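**Student:** Please see the structure below; I have some questions.
What follows is calculated from the coordinates using simple rules that are stated; it is not laboratory data. This is a predicted model, so every value here is computed, not measured. So basically every Cβ, Gly included, is an ideal-geometry build from the backbone, and we count neighbours across all protein chains shown.
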Amino acid sequence: MKKIPLIFTSLLFSSSLILAAPSTLTVKKSEKPVTNGWADNGSLSYASSNTIIISDETYPSASEKLKAFTNAIASGSVTNPNLTDTPAFIILSGTVDLSGGKVSDSDHSYFDEFDPATHQRKHKDFMYNIGSNKTIIGTKDAKVAYGGLKIKAEEHGRKNIIIRNINFWDAHGSTEYDTKVSQYMDKKASADQLVIEGVEDKSTKSRYLYIPEDIWIDHCTFSDGICVDLDRNYNHDGALDIKCARNVTISYCEFTNHDKVTLSGSSDKFTDPSEREVTFHNNYYHGCVQRMPRTRAGYFHLYNNVYEDIGTSKNSGASLGPGIGAQFIVENNFFGKHAGKILKAADSSKSGSETFYKIYASGNSPELSSSNSEGFASHRVTKKPWEIPYKYTLENAVKAHFNVIEQAGSGAEVSIE
């Protein structure tokens with residue numbers, strides 16, 4: 001995929017960055033951005049003040065850079081690690097090592113350690129929380145590596161979060177127990193690169209008490225780095241999991257070298273579609289295996305995405321995985337080479353039931369059909385199953401194929417006004 005180099009000028013330390021570039025992401029502080037997706041239906045806006053610059057120049061020490069970044073995304077202050085709703089406009093350049101030096105491209109041994117008596121993992125995943133009202137903008141090849149970030153709605157909720165132009169690189173972890181021991185051979189990893197989740201209502205066990213909302217993830221790259229973990233994910237879980245969330249747009253992101261990309265809805269017990277409202281558009285999926293996305297109940301709009309080189313000979317996977325209660329609108333996507341089917345669903349509902357998933361498909365290349373999508377005929381509807389509450393423009397699927405490959409992913413130039 002072609003990438004445009006980042007030009008980063010001496011204006012780095014100014015509160016207003018104007019970076020001249022042939023292709024530029026424009027960011028206007030305090031503005032309500034247009035995402036052409038579900039996030040436009042909420043109250044999303046860039047932070048207007050409290051600019052925090054996290055760079056190798058401001059934090060030459062890797063450990064201090066890690067501390068400043070993780071504090072800032074949580075609280076809006078480089079010295080406070082506690083979650084707050086304080087608005088902050090965070091500019092990240094260069095790499096943040098979320099493992100604190102414990103993991104690298106050449107050495108993952110930190111996660112190969114298991115207790116010899118219990119066979120349980122010795123080390124937890126490296127995960128850091130993002131607070132409400134945080135804008136995180138990447139410049140100068142911004143990268144977060146060897147760990148993951150979390151947006152979790154707790155008692156005071158979680159909302160109004162924008163993440164653009166960040167490279168999420170190899171959120172390495174391990175299985176809960178040592179899979180070399182026969183009784184634990186089926187265990188899998190839990191490390192997510194970015195996860196959006198809420199707090200379950202324990203009284204019903206089928207709904208969420210607190211749900212994140214108003215979130216935009218744009219022009220980011222998600223991959224397992226140089227680690228190849230596609231046939232069996234011993235060291236990685238989700239790239240971008242969305243357990244529950246309202247008014248979310250995922251746009252112009254690149255997903256590559258990853259098995260289970262996006263899970264939305266963690267269990268069949270969650271059958272309320274209003275708990276998941278997500279748009280995926282103009283994203284580039286290649287060299288991945290499955291879950292793009294895999295969902296339970298929710299209102300999902302997928303348009304102008306590109307899927308290429310999906311699945312392996314040992315793990316055929318599938319791009320789309322609608323499940324119980326899912327309401328899919330799939331428009332003008334390009335589906336290239338797949339080792340298996342384009343769509344492979346998992347819905348235990350019976351035909352005619354309220355939770356029997358529905359899919360509306362139009363303008364795709366090739367179009368979804370019974371030959372390339374399991375169970376498609378019984379779930380297909382000829383009218384959109386829900387009314388789209390935002391404006392968007394469709395591009396021809398074949399044309400989008402070329403444009404998305406050129407434009408998706410991190411590493412773009414940025415103009416901050």
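**Student:** Among rounded, prolate and oblate, which fits region 315-357 when a ≥ b ≥ c are the square roots of the eigenvalues of its C-alpha gyration tensor, a/c under 1.5 means rounded, and a/b larger than b/c means prolate?
**Tutor:** oblate
**Student:** Mean-square fluctuation check for the chain, GNM, Cα pairs under 10 Å: which of A361, A117, A153 is largest?
**Tutor:** A117
**Student:** Ok, one more. Full extension from S61 to S369: what is 0.36 nm times the residue separation minus their Cα-Cα distance, to one decimal in nm?
**Tutor:** Length gained, S61 through S369: 105.4 nm.
**Student:** Over all pairs of distinct alpha carbons, what does the Kirkwood formula give as the hydrodynamic radius of the chain, in Å?
**Tutor:** This gives a value of 21.6 Å.
**Student:** Quick one: if you stick a label point 7 Å off each Cα along the C-beta vector at E387 and S30, how many nm between them?
**Tutor:** Here the modelled spin labels are 3.4 nm apart.
**Student:** Once the Cα gyration tensor of region 79-130 is found, what semi-axes does its equivalent ellipsoid get, as square roots of 5 times the eigenvalues, in whole Å, sorted largest first?
**Tutor:** 30, 17, 6
**Student:** Counting every Cα pair in region 188-316, what percent are over 25 Å apart?
**Tutor:** Of the Cα pairs, 24 percent sit more than 25 Å apart.
**Student:** Grab the eigenvalues of the alpha-carbon gyration tensor for region 252-339, scale each by 5, take roots, and send me the semi-axes largest first in whole angstrom.
**Tutor:** Rounded to whole Å, the semi-axes are 22, 15, 10.
**Student:** Where the only charges are on Cβ atoms (+1 Lys, Arg; -1 Asp, Glu), what is the dipole of region 10-416 about its Cα centre, to the nearest 20 debye?
**Tutor:** Dipole about the Cα centre, nearest 20: 820 debye.
**Student:** How about region 355-409: which trypsin sites (Lys or Arg not before Pro) there are in a DSSP loop, with at most 13 other Cβ atoms within 10 Å of their Cβ?
**Tutor:** K383, K391
**Student:** Just check region 267-315 against the gyration tensor rule for me: Cα atoms, a ≥ b ≥ c as the square roots of the eigenvalues, rounded for a/c under 1.5, and otherwise prolate or oblate depending on whether a/b exceeds b/c.
**Tutor:** oblate
**Student:** Taking the simple approach of a point 7 Å from Cα along Cα-to-Cβ for both S348 and H156, what is their distance in nm?
**Tutor:** Using points 7 Å along Cα→Cβ, the separation is 3.8 nm.
**Student:** Region 383-415: which GluC sites (Glu not before Pro) are DSSP loop and have at most 12 other beta-carbon atoms within 10 angstrom?
**Tutor:** Sparse-neighbourhood loop GluC sites (Glu not before Pro): E387.
**Student:** Say R0 is 45 Å: what FRET efficiency, to the nearest 0.05, do E417 and S109 get from their beta-carbon distance?
**Tutor:** 0.50
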